[in-house]
Structure formats: C-alpha cells, structure tokens
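Below: one structure, written as structure tokens.
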Amino acid sequence: MVRIAVCDDVKEMLGILTEIVDKEAGKLSEPYEISGFTQGKHLVEEHNKKPFHIIFLDIFMPGMSGFEAAEQIGEINRGPYLIFVTSKEELVFDSFDYYPFYFMRKRDIEGMRMDMHKIFSKLGEFRREEKEFILELPYNRKRSVRCRDILYLLSEGNYMVYNLDTGESIKIRGTMRDTEKEMENYHFVRIHKRILVNMNYIRTIDHAKNAVCGEKIGCLEIGRNYKRDVLEKYFAYSRSTL
C-alpha cells in the first residue's frame, strides 16, 4: 500500500490538491491511501508512527513551516518522495536543501492538474524501478533484487537466470511464461523464447546483427518471431521516457 500525505493549512486548497492527487495516483499501478493534514506538526507525528511514501507539502504554514516539517521528516526517514507546493516560485532554490522530488507551483486548477500528471508519471517510473522481487533460493534462502538491477533474464530448462547489474547471476526455479507475466508492468521485453530484457539497458537495436545492444548487456540476439514486438515495445518505451 502506497501511503500519500497532502499537507496545506488552507482547507480549500487541501481539498483541491487531495482531489487532483486521487485522480492521478492510479498511475502508480499500486493500491494507495491518501491522508490530509492542515498542520505540519501533525504530518510529522503521523509520519513518525508509520512513514509516508509520497508527501505533498505546503511551505508557508502557521506553526511549523513546510521546510521545518521536511527537515524533521528527513531526520526520521529519507525515503519519501517530497513535493513542495507553493505560490512562491522564488523558494525553489531554498527547497533544494531538503532534496525534493518536485517543486509544484500553486496556480489555476488546470495548471496544477497538468503538473500533477507529470509528477505521477515520473513517480510511477521511479516506483517501478525500485520494485523489489523476492527470489526463492535453495535451502529455504531468499534474496531481494530490485527491478532496476536486473539486466536480463535467461531461461534454462526449469530454471530462470537473473543477470544483474552487479555482475552476479542468480539461478532459481521458474518458467519464462510465469516470469514474463510477473515482469509485464516493469518495462521488460521478450526478445527471444529464452531471453527477457530490461529495456532501461537497451541503447540501440542493431538491425545488421538483429540484436538489442547496450553497454551493460552487450548485444543479445532477437528471435525471428519476436522482432516486430520488440520494435513496437522499445519505441513506445523510448517515447515514454523523453
């Protein structure tokens, strides 16, 4: 469950922001819940009990300001994506001290909807890259692997080999069919009956070699029956990251 907090001392603005967040949060492709706050100290107290993953935070508030709340949140847990929301654009540089994910300007509702659309599109990408897969190893051992650390997967009989950015190869029981289904929302493309590649590591499609190529994956051959699908999915992925 993705926990989202929205904090603004003006109740009308809090309602507007919460409504816009609710409409865009579906891009995360994960269940979510939204909590609203009108005081920074109440946000910090709740975050201390159970941390939020995403926080939209007004800067000018009575009592504890947004910057003061951000400082305390950073001391508790540096994990949340922090988005400052304010009508004062000149504060953007001051906000850098708190490592914000985004700086959103209060303006007309349509403008804020556009900003929120961009924010959640980016958040969706970041969340997918940070997704962790739990691999079942022999002797009841388990290994957690982040999506962004997987270069490609290779099918070997009844096993799947996870080739990682670290240079490691982890072999576990599994089928290509089940693995492909598990990875379908995380920008992996099947290029061969035995190979599933993380598109983040593809830099070019070499038509002469009939392969996908990248600095960390080398060149991996595209199966004859997969070429059209690879081209369509990779070009769609490339456009989405522009």
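Throughout, read-outs are computed from the coordinates displayed, never taken from laboratory work. Quick caveat: nothing in here was measured; it's all calculated off a predicted structure. In this analysis, Cβ positions are derived from the backbone assuming ideal geometry, glycine residues included, and neighbour counts consider all displayed protein chains.
List of remarks:
- Each of L17, L151, L164, L28 was scored by other Cβ atoms within 10 Å of its Cβ. Arranged with the fewest first, they read L164, L28, L151, L17.
- Computed as a quarter of the hull surface, the mean projected area of the alpha carbon convex hull for the chain stands at 15.7 nm².
- Using a 4.7 Å Cβ-Cβ cutoff, the cysteines of the chain lacking any partner cysteine are C7, C147.
- Debye intensity ratio I(q)/I(0), log10, the stretch 2-130, q values 0.09 Å⁻¹ (C-alpha model): -0.21
- Remark on A211: its backbone amide H falls under 5 Å from those of D206, I222, a criterion applied only to residues 5 or more positions apart or on other chains, H modelled at 1.01 Å from N.
- Working from Cα pairs under 8 Å separated by at least six residues, relative contact order for the chain is 11 percent.
- Total formal charge among the other residues, if their Cβ is under 13 angstrom from that of G157, Lys/Arg +1 and Asp/Glu -1: +3
- Fewest-first ordering of E46, E132 by other beta carbons within 10 Å of each residue's beta carbon gives E132, E46.
- Backbone N atoms of the stretch 84-126 closer than 11 Å to the 7 Å Cα→Cβ label point of S65 belong to residues 91, 94-95.
- With each label modelled as a point 7 angstrom along the Cα→C-beta vector, the F101-K23 pair spans 2.0 nm.
- Distance from the C-alpha centroid of the stretch 26-50 to that of the stretch 148-196: 35 Å, rounded to the whole angstrom.
- Listed from fewest to most Cβ neighbours within 10 Å, the set E110, E232, E71 follows the order E110, E232, E71.
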